[in-house]
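Worksheet for the structure shown next.
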Amino acid sequence: MIAMKYFADFLTFSRFLLAACLAWLGWSRGADGLQLAALLMIVSWASDVIDGALARRSRVSFRTWIGDHDLYFDLSVAVGLLIFMTAAGYLITSLSIIYILFWSILFWRLGILSALGKLFQAPVYAWFILNIFRYEPVIGWMILIFLLFVIGFTWPRFPQETVPDFLSGFEQVEDNAQNGFENGPNHGNNSLDGDPRQP
């Protein structure tokens with residue numbers, strides 16, 4: 001159904017808005033916004049699971065710009081969360097700047113590949129969850145239970161497709177690294193040639 005596909009795109013786009021909310025929350029409420037930031041992250045992760053499921057169930061063959069650039073919206077959430085943690089004092093500003101600069105150069109040289117995008121997000125999410133457990137342990141356990149539920153909900157897709165796709169993505173990273181550092185920046189090559197949410 002086309003309606004499912006468009007609703008999936010709406011959920012994907014909503015993560016950009018959630019990213020902006022996270023950044024604003026860090027500047028406006030600082031450390032006091034940690035609980036709300038946790039809620040926004042749960043909403044973001046849930047939308048990521050649901051939009052993929054809806055796109056696959058829609059069974060439509062056409063692709064949309066939002067669907068093709070799903071990774072960009074996921075990256076925006078990680079950047080928004082990084083800004084939140086920096087503004088709220090959970091992360092040193094200089095470390096955040098170095099992290100962003102390092103990954104910006106890597107993306108510029110190699111392209112925005114799915115495997116690299118997930119690697120960019122992982123430390124940001126891990127640091128956030130560690131701080132949640134430190135300052136709001138009840139919410140930390142809620143997030144952990146939610147993430148385990150997501151893995152169960154996506155089973156067996158998670159071990160059969162998600163993990164192998166992630167690992168195989170490093171072959172493309174290696175290829176782009178060889179080409180990128182020999183021939184200059186690889187602006188046009190990325191992993192977004194198709195909708196990652198398609199069956």
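The values are calculated or read from the model by the stated rules, or taken from the named source; none is laboratory data. Since we're looking at a predicted model, the values are computed, not measured. In this analysis, Cβ positions are derived from the backbone assuming ideal geometry, glycine residues included, and neighbour counts consider all displayed protein chains. Keep in mind that these areas ignore ligands, DNA and RNA; they rest on the heavy atoms of the full protein, side chains included. Shrake-Rupley method; radii C 1.70, N 1.55, O 1.52, S 1.80 Å.
Limited to the range 53-89, what total is found for residues that are among the acidic types (Asp, Glu) and either in contact with a Leu (Cβ under 6 Å, 6 or more places away or on another chain) or more than 13 Å from Phe120 (Cα to Cα) (or both)? Lay out the reasoning, then the answer.
Step one: filter the range 53-89 for residues among the acidic types (Asp, Glu), giving 68, 70, 74.
In the following step, the residues that additionally are either in contact with a Leu (Cβ under 6 Å, 6 or more places away or on another chain) or more than 13 Å from Phe120 (Cα to Cα) (or both) were identified as 68, 70.
Result for the range 53-89: 2.
Restricting Ala53, Ala46 to residues that are assigned to a helix (DSSP H, G or I), touching a Lys or Arg at 6+ places or on another chain (Cβ under 9 Å) and among the small types (Gly, Ala, Ser) narrows the list to Ala53.
Restricting the first member to the range 31-48 and to residues that are open to solvent by 30 Å² or more (accessible area, probe 1.4 Å), and the second to residues that are outside any helix (DSSP H, G or I), the beta-carbon pairs closer than 9 Å and six or more apart or on different chains are Ala31/Ala88; Ala31/Gly89; Ala31/Tyr90; Asp32/Ala88; Gln35/Glu136. A residue that is farther than 16 Å from Phe13 by Cβ and among the acidic types (Asp, Glu) occurs somewhere in the range 31-51. Filtering the range 82-113 to residues that are within 15 Å of the chain's Cα centre (by Cα), farther than 18 Å from Leu40 by Cβ and open to solvent by 40 Å² or more (accessible area, probe 1.4 Å) leaves Ile100, Ile112. Given the structure, is Arg56 surrounded by 15 or more Cβ atoms within 10 Å (Cβ to Cβ) and farther than 25 Å from Leu144 by Cβ? Yes: the conditions hold for Arg56. The lone criterion from (1) among the basic types (Lys, Arg); (2) surrounded by 15 or more Cβ atoms within 10 Å (Cβ to Cβ); (3) over 13 Å from the mean Cα position of the chain (by Cα) left unmet by Arg15 is number (3).
Does Val138 meet the test of being surrounded by 16 or more Cβ atoms within 10 Å (Cβ to Cβ), β-branched (Val, Ile, Thr), at pLDDT 90 or above and assigned to a helix (DSSP H, G or I)? Steps first, answer last, please.
Details: surrounded by 16 or more Cβ atoms within 10 Å (Cβ to Cβ): no; β-branched (Val, Ile, Thr): yes; at pLDDT 90 or above: yes; assigned to a helix (DSSP H, G or I): yes.
Taking the combined requirement at face value, the residue does not satisfy it.
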